[in-house]
Structure formats: structure tokens, C-alpha cells
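Colleague: Below is a structure I'd like to ask you about.
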Amino acid sequence: MALFGRRQRSSVPSGLPADIVSRVTHYGRHEFDPQNYHGPDINATIYQSLYPLASADPAGFTERLSAAVLPVGGWAVYGGERLVPDLCDRERISGLPAYLR
């Protein structure tokens, strides 16, 4: 299997948008190669919509995001790994098992 190949579909935990896997996948692609990224607007789909969820409960957000992206793998996991510290206080998430997974 390719490094960023798809594994299986994820069920989305409650408290996250239904399209969270797609959003985080786009975020991963954007973070990897921002100059050649041509997807949805990251500010609107990520920062404006997800920051309130992440800042209100960093541990819960990280746990739910992990549950959504780990079964999918690839770009979704990469995007999640990049997204969590961008939205949450790094000190609050650095030792969380969900982030480390």
C-alpha cells in the first residue's frame, strides 16, 4: 500500500462536522504543498469553523478527530497531526494519547 493510500472509511464521532475527514485531508495536502494546493478555502473550512470546537475542549476535540482520521489513514492522518497543534495550545495536547496516536 502506498504511504498515503486510503485504508477504510471512518465514522465521524459526534461533535465534529460530517465532512471532517475530507476537510482534514485537504488541510494535509495544503500543509504539505501550499503553493500547489487548489482545494477549498482553508481559512473558512478549517480555522473559522473548527477553532471554536478545538479551543473549547482540546482533549475532546483531539480524541474525536483521532477516532475519525486514524481508520482512514494517509492524508487524513497527516492533516490531523498538523491541524491539532495549529488549533490547540501545544502544551495542552503534547502528551495526549489521542494526539500521539
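The values are calculated or read from the model by the stated rules, or taken from the named source; none is laboratory data. Small disclaimer: the values here were computed from a predicted structure and weren't measured. With ideal geometry, Cβ positions are generated from the backbone for all residues, glycine too; neighbour counts draw on all protein chains shown. Remember, those area values only see protein heavy atoms, side chains included, never the ligands or the DNA or RNA. Shrake-Rupley method; radii C 1.70, N 1.55, O 1.52, S 1.80 Å.
Colleague: Can you name every residue in segment 24-46 that is of a type in the set (S, T, Y) and either within 11 Å of the chain's Cα centre (by Cα) or crowded, with 17+ Cβ neighbours inside 10 Å (or both)? Quick ask: steps written out before the conclusion?
Modeller: In the first step, residues of segment 24-46 are kept if they are of a type in the set (S, T, Y); the result is 25, 27, 37, 45.
Residues satisfying the conditions are T25, Y27, T45.
Colleague: Within segment 20-41, work out how many residues are touching an Asp or Glu at 6+ places or on another chain (Cβ under 9 Å) and part of a helix (DSSP H, G or I).
Modeller: Here the count works out to 3.
Colleague: Out of P71, P13, P97, P58, report the one residue that is modelled with pLDDT under 85, surrounded by 14 or more Cβ atoms within 10 Å (Cβ to Cβ) and not basic (K, R).
Modeller: Going through P71, P13, P97, P58 in turn, just one is modelled with pLDDT under 85, surrounded by 14 or more Cβ atoms within 10 Å (Cβ to Cβ) and not basic (K, R): P13.
Colleague: Give me the pairs: first residue in segment 43-57 and small (G, A, S), second residue assigned to a helix (DSSP H, G or I) and open to solvent by less than 40 Å² (accessible area, probe 1.4 Å), beta-carbon distance under 6 Å, and six or more apart or on different chains, which are they?
Modeller: A54/F61; A54/L87
Colleague: Just to be sure I understand, how many residues within segment 47-79 are small (G, A, S) and closer than 15 Å to E31 by Cβ?
Modeller: 3
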